[in-house]
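Trainee: Quick one: the structure is below, questions incoming.
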Amino acid sequence: MDTFQKTKLQSILDRREVQKWMVIITFSLTPLALLITFTYLPFAKMIEFSFFKMKYLGPRDFIGLENYQDVFTRTDTRAAILNSFYYMGAGVIQLSLALYFATVLSFKVRCGNFFKATLFFPFLVCGIAMGFIFRYFYTRGLVLDSVLALVGFDKEILPFWLGERSINNYSIAATSIWRYMGQSMVLFIGAIQSISPEFYEAAEIDGATRMQQFRYIIFPMLKPIITLNIMLMIKGSFSAFEGPYVITNGMNGTATFVVLMHQLAHEAGKVGLASAMAIVLLLIIIIGTILQKFLYNLLFSEKSGGIL
Amino acid sequence: MRPKTQYALRLCTYLSLALGAFVSLLPLVTVLFASFKTPKEFGFSGALAFPQSWMYLENYSTAWEKAKMMLAFWNTSLILIFTLAGSIITGTMIAYILSRFSFKGRTLLKGAFLMANLIPGVTMQVSTYRIMTSLGLVNSIPGIVMLYTGTDIIAIYIFLQFFESIPHSLDEAAYIDGASYFTIFFRILFPLVKPATVTVLILKGVAVYKEYYLANLYLQSKTRYVTVSTSLYTFTGEYGNQYNYICAGVMITIIPALIAFIFLQRYIYNGIARGAVKE
């Protein structure tokens, strides 16, 4: 290669390098600015806030780890963490029902599309509309009470579904099944459809019943995605928010961790404490995610099924 | 299996489906009934009873007016259009450079975006609120659009997956033919990611339409910046128990979702199936 060619090649490469960096910079500028402003900056600020006794406005006092102590010792925060378990329970039911309906609807059923659509549609309802729908649904003497009366319950002994502390968390957690079951179902249907039809054909030739097809083909193939969803559900139940927020606004002992956090920050003016709560929650979620990766690799290290 | 058990099994299947559909629909259908009842009728007729007339639209017109639905639909449309455009532009741009170039800091950059996926946005609002206030982005449509665009990383994730599935030889060939990286992005790759764009439009569109918490927190002036999802907020006050109006309001927010669902069913299912596998 003579010198002339070399410099020409060099200049092309240089131009390419320059152009590459121009593209990288122009293309990442806006997304990166947004990411920093709305994710990492708030994150850093939240750590800072968590060491202060402060409101949004006015002076603040450095109090060290006192807020963190409060998170673990206040009765309301403890109660809120315990409330997560209602949502975990609801999550288990939600995923089981979703798996059941997904399997049933993956086979040929009459009106399959209608059932799929009705089971899924609640997912599309607006947050606050859901709040009103269930306030109406659970109000004394209205929808739920009437249905229960029809099947023979005595109206007088029915509880106040959203008022009584012994039952109201169940009532609200149940609405999250109503709202999100369809989403999980559609997700599972997608995964079932990605299983090669050859498996079913072979199974049918061998005379396998649907139950057996589920037991020996669908379930093993879906294990990774089910596991993933269980883990996402567990993490999600610690940050359960919208149901209790829009239905009862966290009253009568229905506040979840995030609802309480919102109230402390925006209503009670305890920004420092709320920040400490958020940090604790994020730590739970991050530890959960690391455990999840670990457990997941342990369970499915040899790529099973290739669904994911 | 004997035909009798098979028959029984099939019957059980349909019974369970019917029960599921009933539970799904009951809260919605009873709201629909209530939305057509006069205040007096609401008082004496049971929650499960049909309304006397399906033509009684007084509740709807009252709800439409009280909740400023006209303005709400206008604001929501604006927010949707700009958020969706913003998500697609930023998502494809960042996915393009992350999937196409190797450069110093690439892993860090990618990690920074994917890590953000771990953090539930709702937990960050304690401090985000301060930032939004100091940037003057509270009570501003551009403010909420920026927040929606900048926080949901799912779009970036989906585009990244999609870009990685497009062979690099394609851009290499175009580059040799003299196309710049910008041309390659806009003319060649952007049109190819249409399926991913549809997925993002659906997922993000549904999320933004439904979203209540951030809209309520940052668009505080309910007279000017009301959206479809916050419009019903009006009914928490003086109308708190007037369910015939509330139910009409609820139906008004559900109808657009229902129409979109009927026409875009297949896309919505695909979007959900693709988007929910996050990690």
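Trainee: Across segment A:93-132, which residue is modelled with the highest pLDDT among those that are more than 23 Å from residue A:194 (Cα to Cα) and part of a loop (DSSP other than H, G, I, E, B)?
Mentor: Of everything passing the filter in segment A:93-132, A:125 is modelled with the highest pLDDT.
Trainee: Further question on the same structure: Only residues that are of a type in the set (Val, Ile, Thr), farther than 17 Å from residue B:242 by Cβ and touching a helix residue (DSSP H, G or I) at 6+ places or on another chain (Cβ under 8 Å): list them for segment A:117-151, please.
Mentor: Selection gives A:118, A:125, A:147.
Trainee: Moving on. Can you pull out the residues in segment B:112-139 that are under 24 Å from residue A:238 (Cα atoms), without any contact (Cβ under 8 Å) to a residue 60 or more places away in the chain and small (Gly, Ala, Ser)?
Mentor: Scanning segment B:112-139 gives B:112, B:116, B:127.
Trainee: Being within 9 Å of chain A (Cβ to nearest Cβ), part of a helix (DSSP H, G or I), in contact with a helix residue (DSSP H, G or I) (Cβ under 9 Å, 6 or more places away or on another chain) and surrounded by fewer than 16 Cβ atoms within 10 Å (Cβ to Cβ) narrows it down to one of B:262, B:254, B:246, so name that one.
Mentor: The match here is B:262.
Trainee: Residue B:235 is checked against (1) under 17 Å from the mean Cα position of the chain (by Cα); (2) part of a helix (DSSP H, G or I) and fails just one. What number does that condition carry?
Mentor: Of the numbered conditions (1) under 17 Å from the mean Cα position of the chain (by Cα); (2) part of a helix (DSSP H, G or I), the odd one out for residue B:235 is (1).
Trainee: So which helices (runs of 4 or more DSSP H) are wholly in segment B:1-88 and hold at least 3 residues that are within 11 Å of chain A (Cβ to nearest Cβ) and touching a Phe, Trp or Tyr at 6+ places or on another chain (Cβ under 8 Å)?
Mentor: It comes to B:3-35.
Trainee: Check segment A:203-212 and report whether any residue there is assigned by TED's automatic domain parsing to the domain that holds residue A:94, of a type in the set (Lys, Arg), over 16 Å from residue B:31 (Cβ atoms) and at pLDDT below 90.
Mentor: yes
Trainee: Additional query: Conditions first: (1) at the interface with chain B (Cβ under 10 Å from one of its Cβ atoms); (2) farther than 30 Å from residue B:267 by Cα; (3) buried (at least 20 other Cβ atoms within 10 Å of the Cβ); (4) of a type in the set (Gly, Ala, Ser). Residue A:171 passes all but one, so which condition is the exception?
Mentor: (1)
Trainee: Let me ask you something else. For segment B:188-219, how many residues meet the condition of being closer than 13 Å to residue B:92 by Cβ and without any contact (Cβ under 8 Å) to a residue 24 or more places away in the chain?
Mentor: Of the residues in segment B:188-219, 3 are closer than 13 Å to residue B:92 by Cβ and without any contact (Cβ under 8 Å) to a residue 24 or more places away in the chain.
Every residue, every condition in (1) more than 12 Å from chain B (Cβ to nearest Cβ); (2) more than 30 Å from the chain's Cα centre (by Cα); (3) at pLDDT 90 or above, yes or no:
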site	(1), (2), (3)
A:134	no, no, yes
A:138	no, no, yes
A:141	no, yes, no
A:147	no, yes, yes
A:179	no, no, yes
A:184	no, no, yes
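Trainee: Sticking with this one: So is residue A:46 surrounded by fewer than 15 Cβ atoms within 10 Å (Cβ to Cβ) and facing chain B (nearest Cβ under 9 Å) or not?
Mentor: Taking the combined requirement at face value, the residue does not satisfy it.
Trainee: If a residue must be touching a helix residue (DSSP H, G or I) at 6+ places or on another chain (Cβ under 6 Å) and not aliphatic (A, V, I, L, M), how many such residues does segment A:59-74 contain?
Mentor: 3
Trainee: Let me ask something additional. Cβ-Cβ under 7 Å, sequence separation 6+ or interchain: first residue in segment A:146-161 and small (Gly, Ala, Ser), partner modelled with pLDDT of 90 or more. Which pairs?
Mentor: A:146/B:48
Trainee: Just give me the residues in segment A:71-108 being more than 14 Å from every other protein chain (Cβ to nearest Cβ) and in contact with a Lys or Arg (Cβ under 9 Å, 6 or more places away or on another chain), in sequence order.
Mentor: Residue satisfying the conditions is A:72 alone.
Trainee: For segment A:186-205, what are the residues that are more than 8 Å from chain B (Cβ to nearest Cβ) and assigned to a helix (DSSP H, G or I)?
Mentor: A:188, A:192, A:193, A:197, A:198, A:199, A:200, A:201, A:202, A:203, A:204, A:205
Trainee: Which count do you get for residues in segment A:230-260 that are without any contact (Cβ under 8 Å) to a residue 40 or more places away in the chain and in a loop (DSSP other than H, G, I, E, B)?
Mentor: Of the residues in segment A:230-260, 4 are without any contact (Cβ under 8 Å) to a residue 40 or more places away in the chain and in a loop (DSSP other than H, G, I, E, B).
Trainee: I've got another one for you. How many residues does segment B:128-156 contain that are within 13 Å of residue B:218 (Cα to Cα) and either of a type in the set (S, T, N, Q) or assigned to a helix (DSSP H, G or I) (or both)?
Mentor: Result for segment B:128-156: 17.
Trainee: Take residue A:19 and decide whether it is within 13 Å of chain B (Cβ to nearest Cβ), in a helix (DSSP H, G or I) and within 25 Å of residue A:248 (Cβ to Cβ).
Mentor: Against the criterion (within 13 Å of chain B (Cβ to nearest Cβ), in a helix (DSSP H, G or I) and within 25 Å of residue A:248 (Cβ to Cβ)), residue A:19 does not qualify.
Trainee: Next question. Mind listing just one residue for me: the one in segment A:260-276 that is more than 9 Å from chain B (Cβ to nearest Cβ) and crowded, with 24+ Cβ neighbours inside 10 Å and, of those, nearest to the chain's Cα centre (by Cα)?
Mentor: A:276
Trainee: Further question on the same structure: Could you check, for segment B:96-103, whether at least one of its residues is crowded, with 22+ Cβ neighbours inside 10 Å, hydrophobic (A, V, I, L, M, F, W, C) and not in a loop (DSSP other than H, G, I, E, B)?
Mentor: Yes, the conditions are met somewhere in segment B:96-103.
Trainee: Can you name the residue in segment B:217-243 that is under 16 Å from residue B:80 (Cα atoms), at the interface with chain A (Cβ under 10 Å from one of its Cβ atoms) and of a type outside the set (Gly, Ala, Ser) and is also surrounded by the most Cβ atoms within 10 Å (Cβ to Cβ) among such residues?
Mentor: B:227
Trainee: Quickly run through segment B:120-154 and pick out the residues that are at the interface with chain A (Cβ under 7 Å from one of its Cβ atoms), hydrophobic (A, V, I, L, M, F, W, C) and either over 16 Å from the mean Cα position of the chain (by Cα) or more than 14 Å from residue A:43 (Cβ to Cβ) (or both).
Mentor: Selection gives B:124, B:126, B:131, B:146, B:147.
Trainee: Further, regarding this structure: Among the listed residues B:157, B:175, identify the single one that is over 15 Å from residue A:38 (Cβ atoms) and facing chain A (nearest Cβ under 10 Å).
Mentor: It is B:175.
Trainee: Now for a separate question. Here's a check for you: in segment B:130-145, which residue that is out of contact with any Gly (no Cβ under 9 Å at 6 or more places or on another chain) and farther than 15 Å from residue B:230 by Cβ is surrounded by the most Cβ atoms within 10 Å (Cβ to Cβ)?
Mentor: B:130
Trainee: Applying the selection to segment A:206-259, what residues are more than 10 Å from every other protein chain (Cβ to nearest Cβ) and of a type in the set (D, E, K, R)?
Mentor: Listed by number, the residues that qualify are A:206, A:215, A:223.
Trainee: Moving to a separate point now. For the subset of segment A:77-125 comprising residues that are of a type in the set (Val, Ile, Thr) and more than 23 Å from residue A:226 (Cα to Cα), which member is surrounded by the fewest Cβ atoms within 10 Å (Cβ to Cβ)?
Mentor: This residue is A:109.
The values are calculated or read from the model by the stated rules, or taken from the named source; none is laboratory data. Not measured: the values here are computed from a predicted model. Quick reminder, even Gly has a Cβ in these numbers, built from the backbone with ideal geometry, and neighbours come from all protein chains shown.
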